[in-house]
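The values are calculated or read from the model by the stated rules, or taken from the named source; none is laboratory data. Worth saying up front: this structure is predicted, and the values here are computed from it rather than measured. Ideal geometry is used to build each Cβ from the backbone, glycine not excepted, and the neighbour counts take in all protein chains shown. The area values use the complete protein model at the heavy-atom level, side chains included, leaving out ligands, DNA and RNA. Shrake-Rupley method; radii C 1.70, N 1.55, O 1.52, S 1.80 Å.
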Amino acid sequence: MSETMRSHEEAASLFLQELAATRWDIPAFARLLGVKTHKGQQRMFDAVLMRDSTAIRAMYLNIAVSAGNRAGKTLGLAVILAFAAVHKLGLPGPDGTVESVEKWVRHPYHWYHFGVQQEVADLVWQELTMLFDGVHPAQKGRGCPLTKFLGRDSIQTEVKERGEYRWVKFDKELGGGELHFRTTNEKAIGQLGKDMNGISYDECGFDPNLSFVVNEVLHMRRLSTAGQLILIATPSEAFRQFSDEWGKGDPESPDRVAYHYSVRMSTRDNIGYGVGQEEFDRLVAAMPKHLVPQNIDGYFIEARNAFFDAAAIEQMFDPTLPEESAPQDGHSYVQGVDPALTHDATWSIVLDHTVSDRIVAVRALRREGKQSLPNLVTLISSTHAIYNIGKARCLTACDTSGMGGK
């Protein structure tokens, strides 16, 4: 073996050690791709890396990222996908023995990335291809250290399965993980039956069927893997479902759903990385002012078809009040019921209006799914009876429009 070949092998070996050391450090992994990441992307990385008490399972199974335009979300997502595939995120790592390493390499790892259209899903594939080719603008002409040391042929980026889909496959030396790029057309039902170690969905905010896709299709695809689901988009006035998903993990919400976490990423974070200051100033100057919080800073503004202002709704909730209050003698209550026989949720809300200038909610019940008439009668009458007892009085009002106006 020539001295040059030996020197190259030693450098590659040292690089693999350096790569292994990035297992819990996505920014360091990004640097091995030749990319320096900004603080907004790093907030997303932190949410992805957080583990529970096992030190292996993800702390947050659902991560929602609301990002401004040109905030660097697609590049950040590309780095996460490459990191997850190389380190097989969510699986126990080898213990250092040859047997454990061989077993770890043989273990399949499939991360699925989705877009509202195939072209949108392919945007992350294009980012990855440019990174591995060493020509991504974020690499600033320095190339890709990963493929420089290990060879470009160690990562396949091609079209597979009858030429319909993009695909990335890492060499066994890099763990053998695979990334698949798909569309959620037809409500993503073509993905039923697949096991997925991780899922990401770019520009999901523009999917009018987002709740169905997430809850009925994607959620169950990681049942055997405990993999993470990353929803990422720029907020849109057109659809509110992404706002609802983001709200489930809002770190400032007292009602945050378990295992959910939400992150906001501003275009301002990307100044000096993927956006120049002058370019940013011109972009903002040409934008309607009311859209700046949404399109630049990732905040949700009101949809044109929203019934109530979101901020006003938030102000109605008092975290110091109990979730439910028992009836009190001498108090006056009103129960309002929306049966929604033909829809997917029935509500019963009880208000205490004893004091004329103050209304306090004391009970709220929600029944999901279409309800039968006997079930509705039981719900309405039992709640009425609870607050119409002793010296407490309750009036009940029922909206009959959801029952065909009958």
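Averaging the sequence gap over all C-alpha pairs within less than 8 Å and six or more residues apart, then dividing by the number of residues, gives the stretch 94-158 a relative contact order of 17 percent.
Taking chymotrypsin sites (Phe, Trp or Tyr not before Pro) in DSSP loop conformation with at most 10 other Cβ atoms inside 10 Å as exposed sites, the chain has its longest uninterrupted site-free stretch at 1-306. Computing FRET efficiency as 1/(1 + (r/R0)^6) for residue 99 and residue 219, where r is the C-beta to C-beta distance and R0 is 41 Å, gives about 0.75.
Rg over Rh for the stretch 204-300 works out to 1.04, both radii taken from alpha-carbon positions and Rh defined as the Kirkwood radius. In Å², what does the accessible area per residue of the chain work out to with a 1.4 Å probe? About 53 Å² of surface per residue is accessible. Here the stretch 314-376 and the stretch 265-284 have alpha carbon centers that stand 46 Å from each other. If you sort the three axes of the alpha carbon gyration tensor as a ≥ b ≥ c, you get a/c under 1.5 for the stretch 25-169, which makes it rounded. For the stretch 164-308, which whole-number percentage of the solvent-accessible area (1.4 Å probe, protein heavy atoms only) is attributable to carbon and sulfur atoms? That fraction is 52 percent.
Ignoring ligands, DNA and RNA, what percent of the 1.4 Å accessible area of the stretch 1-135 is carbon and sulfur?
Working: 3470 of 6120 Å².
Reported share for carbon and sulfur atoms: 57 percent.
Along the stretch 145-152 the Karplus relation, 6.51 cos²θ - 1.76 cosθ + 1.60 evaluated at θ = phi - 60°, assigns HN-Hα couplings of x, 4, 7, 5, 8, 9, x, 5 Hz to successive residues, with x for each Gly and Pro.
Principal semi-axes of the equivalent ellipsoid, √(5λ) from the alpha carbon gyration tensor of the chain, are 49, 24, 20 Å from largest down. In order along the stretch 60-68, the Karplus-derived 3J(HN,Hα) couplings, from 6.51 cos²θ - 1.76 cosθ + 1.60 at θ = phi - 60°, round to 10, 7, 10, 10, 10, 10, 9, 10, x Hz, and Gly and Pro are given as x.
Under 5 Å between amide hydrogens, built in the peptide plane, is the criterion, and for residue 228 it picks out 199 among residues at least 5 positions away or on other chains. Subtracting the Cα-Cα distance of residue 55 and residue 389 from their residue separation scaled by 0.36 nm leaves 115.0 nm. Among the trypsin sites (Lys or Arg not before Pro) within the stretch 215-288, those in coil by DSSP and having at most 16 neighbouring Cβ atoms inside 10 Å are 256. Between 73, 88, 289, which gets the highest mean-square fluctuation from a Gaussian network model of the chain, Cα cutoff 10 Å? Fluctuation is largest for 289. Calculated FRET efficiency, residue 118 to residue 189, Cβ-Cβ distance, R0 = 22 Å: about 0.90 to the nearest 0.05. Length available on full extension from residue 359 to residue 282: 0.36 nm per residue minus the Cα-Cα distance, which gives 22.9 nm.
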